[in-house]
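Below: one structure, written as structure tokens.
The values are calculated or read from the model by the stated rules, or taken from the named source; none is laboratory data. These numbers were taken from a predicted model, which means no experiment stands behind them. Note that each Cβ is placed from the backbone with ideal geometry, even for glycine, and that neighbours are counted across all protein chains shown.
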Amino acid sequence: GVDSAQGDNDFAPLRNIFNEWLVRDTSKKIKAVKRSKGMSGKPITSKPVYGYLMDEDENFIIDEEAAPVVKQIYNLCLAGNGPTKIARMLTEQQIPTPGTLEYRRTGSTRRYHPGYECKWATNTVVHILENREYTGCLVNFKTEKLSYKVKHSVENPEEKQAIFENHHEPIIDTQTWERVQELRKQRKRPNRYDEVGLFSGILFCADCGSVMYQQRYQTDKRKQDCYICGNYKKRTHDCTAHFIRTDLLTAGVLS
């Protein structure tokens, strides 16, 4: 008799190749449609940045509940407060986080953490302070996926983004936004070895959101640089001893 199971097994490699081609082709088509829409000046996201809502015609309109919080964050930064301190102040004021606000309105649990409804993370504040869309421009292609095989996206440099001025009503004026960017650059100052770490100001703990600080361990044989969680470094007991060696981090980014 004919072994149909064996026949199916013989065709399995061909089926896998066809399925792989189908996924890749579909991914390319979706990417092309998204690119065309993004280059035409229309938003390619269904969820605008915190501080705005989107109407049925895909227009960004100011969110009267969240926009004042955005302004407060910028004002606190101009007053000399860093993102970690700002996050702590918002938490103390019991202001709902962007994820909490989204959950209360839509039921989405994407960024909602029960029990931490008003616990602001440092990186949330950083993203708000660095987002150019608060000046009224639309920024498409802020991130991209390097392959259809991975879900993770990487940040795009400005030259690969599509920026459309005067797209919506601003929450922050351009001059204020630029002052904040300059102020944040200055805050990334050298460590006690008179060096500015390669990842200073851009590396955050995945668990607590605290900025990670460069630390150097010196032994008789060699010196070892690493980044450790800021909350752990300050011994606040808010987090545990997360650290990553600088050489491994650099190798991972460059690979």
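Here are a few things to note about the model shown:
- Filter pass, Ile128 being in a loop (DSSP other than H, G, I, E, B) and under 13 Å from Ile73 (Cα atoms): no
- Every pair of residues 6+ apart whose Cβ atoms lie under 8 Å, when the first sits in the range 219-231 and is within 14 Å of Leu249 (Cα to Cα) while the second is at pLDDT 80 or above and β-branched (Val, Ile, Thr): Asp225/Thr246; Cys226/Ile244; Cys226/Thr246; Tyr227/Ile244; Tyr227/Thr246
- Taking the listed residues Asn131, Asn123, the one that is touching a residue at least 40 places away in the same chain (Cβ under 8 Å), surrounded by 17 or more Cβ atoms within 10 Å (Cβ to Cβ) and under 15 Å from Tyr52 (Cα atoms) is Asn131, with no other qualifying.
- Taking the range 162-255 as the region of interest, the helices (runs of 4 or more DSSP H) fully inside it that hold 1 or more residues being assigned by TED's automatic domain parsing to the domain that holds Tyr116, surrounded by 11 or more Cβ atoms within 10 Å (Cβ to Cβ) and at pLDDT 75 or above are 174-187.
- Residue match in the range 68-86 (condition: in contact with a Ser or Thr (Cβ under 6 Å, 6 or more places away or on another chain), over 20 Å from Gly136 (Cβ atoms) and in a helix (DSSP H, G or I)): yes
- Restricting the range 73-97 to residues that are over 21 Å from the mean Cα position of the chain (by Cα) and polar (S, T, N, Q), the residue that is nearest to Gly115 (Cα to Cα): Gln94
- Every residue from the range 56-84 that is closer than 21 Å to Cys208 by Cβ and either in contact with a Lys or Arg (Cβ under 9 Å, 6 or more places away or on another chain) or modelled with pLDDT under 95 (or both): Leu76, Cys77, Asn81, Gly82, Pro83, Thr84
- Matching residues, the range 57-106, being at positive phi and of a type outside the set (S, T, N, Q): Glu58, Gly80
- In the range 134-155, residue modelled with the highest pLDDT [restricted to those that are surrounded by 12 or more Cβ atoms within 10 Å (Cβ to Cβ) and under 16 Å from the mean Cα position of the chain (by Cα)]: Tyr134
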